[in-house]
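The values are calculated or read from the model by the stated rules, or taken from the named source; none is laboratory data. Small disclaimer: the values here were computed from a predicted structure and weren't measured. Cβ placement follows ideal geometry from the backbone for every residue including glycine, while neighbour counts extend to all protein chains displayed.
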Amino acid sequence: KIIITGHTDAMAYKNNIYNNWNLSGDRALSARRVLEEAGMPEDKVMQVSAMADQMLLDSKNPQSAGNRRIEIMVLTKSASDTLYQYFGQHGDKVVQPLVQKLDKQQVLSQRTR
């Protein structure tokens, strides 16, 4: 599986509606589209995300063109499985037990009031 992340420089976008978050997301989605059009199976993409100017490569020059990029992270099966435990199809293994535990704690705290 892969994760595709879009980034921008720190220059503020002039349009109040469309900003660096939108631009970085569109950048990542465009990369995904190019990969799929070139034959990569759609199910190989685990996540497409936008980072705007939150992770600059050139922090000394925030407006540097080098900060405008996409990153493609290729995950091992183990890393992919771990992420799915938290966010994906198998999230019940991690999330559901935590929700149940919190629900029990809430019931107990309400009884002791």
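Please determine whether any residue of segment 69-77 is outside any loop (DSSP other than H, G, I, E, B) and modelled with pLDDT under 90.
Yes; the residues of segment 69-77 include at least one that is outside any loop (DSSP other than H, G, I, E, B) and modelled with pLDDT under 90.
In segment 1-24, which residues are under 17 Å from the mean Cα position of the chain (by Cα) and more than 24 Å from Thr82 (Cα to Cα)?
Matches in segment 1-24: His7, Thr8, Asn20, Trp21, Asn22, Leu23, Ser24.
Scanning segment 78-110 for residues that are modelled with pLDDT under 75 and among the β-branched types (Val, Ile, Thr), which turns out surrounded by the fewest Cβ atoms within 10 Å (Cβ to Cβ)? First the steps, then the outcome.
Pass one, segment 78-110, residues modelled with pLDDT under 75: 87-110.
Narrowing the set further to residues that are among the β-branched types (Val, Ile, Thr) leaves 94-95, 99, 107.
Numbers: Val94: 14, Val95: 13, Val99: 11, Val107: 9.
The qualifying residue surrounded by the fewest Cβ atoms within 10 Å (Cβ to Cβ) is Val107.
Can you tell me which residue in segment 3-59 is surrounded by the most Cβ atoms within 10 Å (Cβ to Cβ), limited to those that are of a type in the set (Val, Ile, Thr) and in contact with an Asp or Glu (Cβ under 9 Å, 6 or more places away or on another chain)?
My answer is Thr8.
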